[in-house]
1. Give just the number: which of (1) among the charged types (D, E, K, R); (2) surrounded by fewer than 24 Cβ atoms within 10 Å (Cβ to Cβ); (3) under 14 Å from the mean Cα position of the chain (by Cα); (4) more than 14 Å from chain A (Cβ to nearest Cβ) does B:Asp103 not satisfy?
2. Could you tell me whether any residue of the stretch B:127-145 is under 15 Å from B:Gly15 (Cβ atoms), open to solvent by less than 60 Å² (accessible area, probe 1.4 Å) and of a type in the set (A, V, I, L, M, F, W, C)?
3. In the list A:Cys65, A:Cys77, which residue meets the criterion of being over 27 Å from A:Leu173 (Cα atoms), under 18 Å from the mean Cα position of the chain (by Cα) and either part of a helix (DSSP H, G or I) or of a type outside the set (Phe, Trp, Tyr) (or both)?
4. If I ask for residues that are within 10 Å of chain B (Cβ to nearest Cβ) and free of Cβ contacts under 8 Å to residues at least 60 places away in the same chain, which ones from the stretch A:141-157 would you list?
5. Of all residues being free of Cβ contacts under 8 Å to residues at least 40 places away in the same chain and under 19 Å from B:Val112 (Cα atoms) in the stretch B:24-34, which is nearest to the other protein chains (Cβ to nearest Cβ)? Just the residue, please.
6. Being part of a helix (DSSP H, G or I) and among the aromatic types (Phe, Trp, Tyr), is that true of even one residue in the stretch A:179-190?
7. What's the number of the only condition in (1) assigned to a loop (DSSP other than H, G, I, E, B); (2) open to solvent by 10 Å² or more (accessible area, probe 1.4 Å); (3) in contact with a Lys or Arg (Cβ under 8 Å, 6 or more places away or on another chain) that A:Tyr94 fails to meet?
8. Of all residues in the stretch A:291-313, which are over 30 Å from A:Leu238 (Cα atoms) and either within 28 Å of the chain's Cα centre (by Cα) or surrounded by 22 or more Cβ atoms within 10 Å (Cβ to Cβ) (or both)?
Amino acid sequence: MATRSIIPFGPQHPVLPEPIHLDLVIEDEKVVEAIPSIGFVHRGLESLVAKKEFTEYVYIAERICGICSFMHGMSYCDAVEHIMEVEIPDRAKYLRTIWAEMSRIHSHLLWLGLLADGFGYESLFMQSWRIREKILDMFEATTGGRVIFSVNQIGGVLKDIDDSLMNQLLKSLDDIEKELKAITKTFLNDATVNNRLRGVGILTAKQAVDLATAGPFMRASGINRDMRTTGYNAYKDLEFAPIISKDGDSYARCEVRINEIFQSINLIREAAGKMPAGDIATPIKGFPNGEHATRVEQPRGEAFYYVKADGTKFIDRFRVRTPTFANLPGLLETLKGCQLADVPLLVLTIDPCISCTER
Amino acid sequence: MAKVSKSPWVLHYDGASCNGCDIEVLACLTPMYDAERFGVINTGDPKHADIFLVTGGINEQCKDVVKQLYEQMPNPKVVVAVGICACTGGVFKETYNILGGVDTVIPVDVYVPGCAARPESIIDGIVKGIAVLDQKREAMKQGKLPELNVEDISEDGKEQASANEAQNAEAETTANAGEESK
């Protein structure tokens, strides 16, 4: 048997925008085991419900994570609205859907860039992020913010998208689609990229279920599960089928995410066409009393929110389980037996969001 | 704008932020904002870095990592606190785990406010950092040793935090004044 040694990976590492630490037990160049330690970004955000009023907490919930900030705020509002039995206007539901899908586009483009950087293809990284700036510009035009939007409120949304802005958004999506098609060719057909991604870090369908993974990481292993099919917000009116792939390797994960960007673009187009006129918010009265759990499909997978309120202006308990937390056991499984040089790439393929995980 | 005399390499670390400022730091390096036109390269190695960009309000666990990274950087070095959490602790200031700002663990030279800090202001912060870097380099040439004040900062970050608040407010006003004058 070869000598075993331990290599520390992180918390500060060039491919990681966020800190996570892995102790990699290796035999020669092969990883035998990976032992994670987390907590570098833990802020104790859930405890803030005791200090901020339930209407103010929307802005704290958004700051769970800067990438899926919109969805965190939206889901918190959704849970409180259920407790207070407030039915939000249809237009607000459509607006939330549009912003949620835009978040997915921006998150997946960000991930594609990081992946390209991970396997050392810097111009592809730059191209992905250049395209991503277009969607950020549209976020800025419609909400006023680039990463933190603060457009959710309990009972609806704070801002409307008028027709001229909507046309501008749709035009921008056309550009994005065109440019994305060009780089998709490189991501899916280029020999270098294929060599780095094909057959690396295979997670079988059985493992994906047993380890309770979520999101594109799970769907790349052939499991057909997408929380959007439960029909929250406007998804019940929109036509789409979850995107899956069979292979379960890094290439499949890349393929699923790229196709999800195209799907999101189509969903926004469809939602824009069907969006009804009307109010964007329902006024609320009183304080929430009761409990509710919300499940939404974030760019990284299923996120679970639990809110318990006791009739005062402060929420009693707020709990989030995020997709990256669910995907960590799956990641550790794929790391076993991989080459040391593939570790940064495999860590990236689950699209880790450490801020979400640790809150 | 300060004269850019050398190409500063930056090191970026997320000290318990929400990730918003981190992706904006990365966005600075990509074609739209392109900080590389000032010679800025993002490096993963503290030994190669001149400017240390820290985001987030620093929690108990990453405190030592931030200190270590700072100590590993060669002199002269500049610390830029990116985002309101890095400046004061921001919305997370009242939580049990956040010390409240980067200056509770290492000395900070430039404060970049904002939630999330916009790429324009981050680049502005880096450029201001370059001026500080030049000053420090000059001081080193004249034989003045850089201050090693990591140890001066008390172990109990919370106590220090209140003392730093006044300083922060001052720094923010100077940053804002700088923006207005442009």
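1. (2)
2. no
3. A:Cys77
4. A:Gly145, A:Arg146
5. The selected residue is B:Leu26.
6. Yes, the stretch A:179-190 has at least one match.
7. (1)
8. A:Lys308, A:Ala309 - these are the residues of the stretch A:291-313 that are over 30 Å from A:Leu238 (Cα atoms) and either within 28 Å of the chain's Cα centre (by Cα) or surrounded by 22 or more Cβ atoms within 10 Å (Cβ to Cβ) (or both).
The values are calculated or read from the model by the stated rules, or taken from the named source; none is laboratory data. Values in this document were obtained by computation on a predicted structure and should not be read as measured data. Using ideal geometry, Cβ is built from the backbone for each residue, glycine included, and neighbour counts are taken over all protein chains shown. These accessible areas exclude ligands, DNA and RNA; they are computed on the full protein's heavy atoms, side chains included. Shrake-Rupley method; radii C 1.70, N 1.55, O 1.52, S 1.80 Å.
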